[in-house]
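Beneath this line is the structure, given in structure tokens, with notes to follow.
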Amino acid sequence: MARAYMTESAKTSGESRGFLSRSRQDGGSGSRGLVDWARWGRWGGGGAWRRGWVLALLAVLLGAALFWHSEIPNAIGNLGSLWETFLPWGGVLVPVLALMAVLRRSALALVALLLPAMVWLHLFAGQFTSKSGTGGDLTVVTHNVNAGNPDPRRTARELAGSGADIVALEEVAGGQAKLYDKGLAGAYRYHKRVGTVGVWSKYPMRDTETVDIKMGWPRAMRTTVDTPHGGVAVYAAHLPSVRLQFASGFTAGQRDDSAAALGSAIADDPVDKAVLLGDLNGTMNDRALAPVTSQMRSTQGAAGDGPGFSWPASFPTTRIDQIMVKGLEPVSSWSLPATGSDHLPVAASVNF
């Protein structure tokens with residue numbers, strides 16, 4: 001009996017060992033899967049600080065490119081100006097690199113990403129909050145209406161209903177000029193056009209003249225508007241377009257020369273109060289516009305509601321339409337709804 005019991009026990013024990021052995025063999029893949037997931041989620045140890053050094057280096061380079069953007073040379077394809085045109089979007093690379101760091105399980109890369117994140121917040125966090133006030137002595141609008149605008153009458157109606165005291169238009173095609181004159185006449189008694197730019201005003205205008213921006217045909221003008229609060233010099237300008245080409249890079253030479261000429265004209269103007277309205281084909285970050293931006297203040301930067309992107313109208317990604325002032329205090333600045341042009345109109349209110 002005892003021997004039979006022991007034999008049966010041994011048999012049972014052997015079967016149990018066999019079952020466990022088979023379980024390890026048959027279920028090994030599942031066990032390994034659980035172990036693999038556990039290892040994947042394991043951030044401890046020195047490995048997390050040794051992995052992802054390439055991602056960490058990219059994070060540091062991104063932070064440097066954001067902070068020292070003005071030091072990126074233009075010698076090769078105007079790379080510096082191209083980067084500055086879309087500089088706020090450099091922040092999009094931070095979450096992209098963060099996702100890669102998580103997948104790589106690299107604590108080193110995640111810590112390094114704090115650098116570009118902090119730089120971006122320092123540079124642009126304020127632009128994505130509203131600084132707009134209420135009221136204002138003078139409201140102005142500028143709009144590139146697009147020479148190929150399929151519905152200029154609609155655009156004129158939208159602008160006439162904006163409530164602005166002064167409206168500047170760029171890219172007014174010869175065949176559409178009379179349509180804008182007629183569409184804006186009910187809201188603006190006074191207007192002057194020079195080439196493809198024009199200014200419409202509720203208040204009297206005088207001393208209108210062409211501003212030479214070295215283009216060979218007129219695309220900038222200056223006039224004086226006599227508002228109830230005093231006279232103000234109003235500049236309307238449309239700087240040359242820039243192009244991104246594979247062979248030559250970001251071609252902006254003519255734009256840069258025109259910006260220098262416009263800056264000289266404004267600097268030589270003896271007036272205390274001036275407003276610049278126009279499509280400058282460049283952002284306030286673009287060093288090429290320094291001849292202008294160094295002496296005037298962006299209403300969007302000082303009192304903007306959000307980033308104020310104006311182009312392209314279908315999905316605005318950058319602000320190349322600008323309102324700048326000298327001797328006036330920005331109160332509010334914003335973008336208006338689309339009018340049928342490929343640009344959005346932008347507006348601002350200022351105090352004398």
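The values are calculated or read from the model by the stated rules, or taken from the named source; none is laboratory data. Everything numeric here is computed off the predicted structure, so don't read it as measured data. Every residue, glycine among them, receives a Cβ derived from its backbone with ideal geometry; neighbour counts consider all protein chains shown.
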Based on this model, can you work out whether ALA177 counts as part of a helix (DSSP H, G or I), crowded, with 18+ Cβ neighbours inside 10 Å and without any contact (Cβ under 8 Å) to a residue 40 or more places away in the chain?
no
Since SER201 meets every condition but one in (1) in contact with a strand residue (DSSP E or B) (Cβ under 8 Å, 6 or more places away or on another chain); (2) at pLDDT 95 or above; (3) on the phi > 0 side of the Ramachandran plot; (4) not aliphatic (A, V, I, L, M), which condition does it not meet?
(3)
Wholly within segment 64-157, which helices (runs of 4 or more DSSP H) include no fewer than the required count, namely at least 2 residues that are out of contact with any Leu (no Cβ under 7 Å at 6 or more places or on another chain), free of Cβ contacts under 8 Å to residues at least 60 places away in the same chain and closer than 24 Å to ALA302 by Cα?
114-124
Residue among GLY148, GLY135 that is assigned by TED's automatic domain parsing to the domain that holds ALA233 and on the phi > 0 side of the Ramachandran plot:
GLY135
So which residues in segment 212-227 are surrounded by fewer than 21 Cβ atoms within 10 Å (Cβ to Cβ) and in a loop (DSSP other than H, G, I, E, B)?
ASP212, LYS214, MET215, GLY216, TRP217, PRO218
Examine segment 81-101 for a residue that is over 26 Å from ALA288 (Cα atoms) and in contact with a Phe, Trp or Tyr (Cβ under 8 Å, 6 or more places away or on another chain), and state whether such a residue exists.
yes
If you go through segment 66-90 one residue at a time, how many are modelled with pLDDT of 90 or more and either closer than 13 Å to VAL242 by Cα or buried (at least 20 other Cβ atoms within 10 Å of the Cβ) (or both)?
2
Determine if segment 287-309 includes at least one residue that is closer than 19 Å to ASP137 by Cα, surrounded by fewer than 17 Cβ atoms within 10 Å (Cβ to Cβ) and in the same structural domain as ARG255 (by TED's automatic domain parsing).
yes
Taking only segment 69-84 into account, find how many residues are polar (S, T, N, Q) and closer than 14 Å to LEU123 by Cα.
1
Scanning segment 321-347 residue by residue, those buried (at least 21 other Cβ atoms within 10 Å of the Cβ), over 18 Å from VAL234 (Cβ atoms) and under 17 Å from the mean Cα position of the chain (by Cα) turn out to be SER335, HIS343, LEU344
Counting only residues that are buried (at least 17 other Cβ atoms within 10 Å of the Cβ), of a type in the set (A, V, I, L, M) and not in a strand (DSSP E or B), segment 180-211 contains a total of 3
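Results for (1) part of a loop (DSSP other than H, G, I, E, B); (2) under 18 Å from SER333 (Cα atoms); (3) of a type in the set (Asp, Glu); (4) modelled with pLDDT under 95, shown as yes or no for each residue.
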{"site": "ALA259", "(1), (2), (3), (4)": "no, no, no, no"}
{"site": "LEU262", "(1), (2), (3), (4)": "no, no, no, no"}
{"site": "ILE266", "(1), (2), (3), (4)": "no, no, no, no"}
{"site": "VAL271", "(1), (2), (3), (4)": "yes, no, no, no"}
{"site": "LEU277", "(1), (2), (3), (4)": "no, yes, no, no"}
{"site": "ALA288", "(1), (2), (3), (4)": "no, no, no, yes"}
{"site": "PRO291", "(1), (2), (3), (4)": "no, no, no, no"}
